[in-house]
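The values are calculated or read from the model by the stated rules, or taken from the named source; none is laboratory data. Keep in mind that this is a model prediction, so the values were computed, not measured. When we count neighbours, we look across all protein chains shown, and the Cβ atoms used for this are built from the backbone with ideal geometry, even at glycine. The area values use the complete protein model at the heavy-atom level, side chains included, leaving out ligands, DNA and RNA. Shrake-Rupley method; radii C 1.70, N 1.55, O 1.52, S 1.80 Å.
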Amino acid sequence: MNTLFVFKVVLVLLLGFIIFNLGLALFALIKGEQRRPMSHYLGLRVLFSVLLVLMLLLALGSGLISPNPRPY
C-alpha cells in the first residue's frame with residue numbers, strides 16, 4: 001500500500017475516534033451517573049486531537065504531504 005494512503009486512513013480513523021469520544025461525553029452528560037465521568041471522554045478527545053495535529057506536523061515536516069500553495 002502507498003504510505004500516503006495509509007497516513008490518510010489513520011487520520012480519518014483518528015477523526016472518527018474524536019467524534020466517537022465526543023458522543024460518549026454527550027451521553028455521559030445527558031444520563032448523568034455512569035461508570036466513567038464525562039471528563040474521561042473529553043480527555044481522550046483532547047489526546048486524540050493532539051496526536052492528530054502532531055501527525056500532521058510530522059507529515060508536513062517530512063514532506064509526506066504538502067500544503068496548498070494558493071488557497072483561492
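Regarding LEU54, is this residue modelled with pLDDT under 90, on the phi < 0 side of the Ramachandran plot, surrounded by fewer than 12 Cβ atoms within 10 Å (Cβ to Cβ) and out of contact with any strand residue (DSSP E or B) (no Cβ under 6 Å at 6 or more places or on another chain)? So LEU54 fails the test.
Residue pairs whose Cβ atoms lie under 7 Å apart, separated by 6 or more positions or on different chains, with the first residue in region 1-12 and at pLDDT below 90 and the second not in a helix (DSSP H, G or I), are THR3/LEU64; LEU4/LEU64. Determine whether region 4-21 contains at least one residue that is touching a helix residue (DSSP H, G or I) at 6+ places or on another chain (Cβ under 9 Å) and of a type in the set (Gly, Ala, Ser). So far as region 4-21 goes, no, none of its residues is touching a helix residue (DSSP H, G or I) at 6+ places or on another chain (Cβ under 9 Å) and of a type in the set (Gly, Ala, Ser). Of all residues in region 7-16, which are open to solvent by less than 100 Å² (accessible area, probe 1.4 Å) and not aliphatic (A, V, I, L, M)? Within region 7-16, PHE7, GLY16 meet the criteria.
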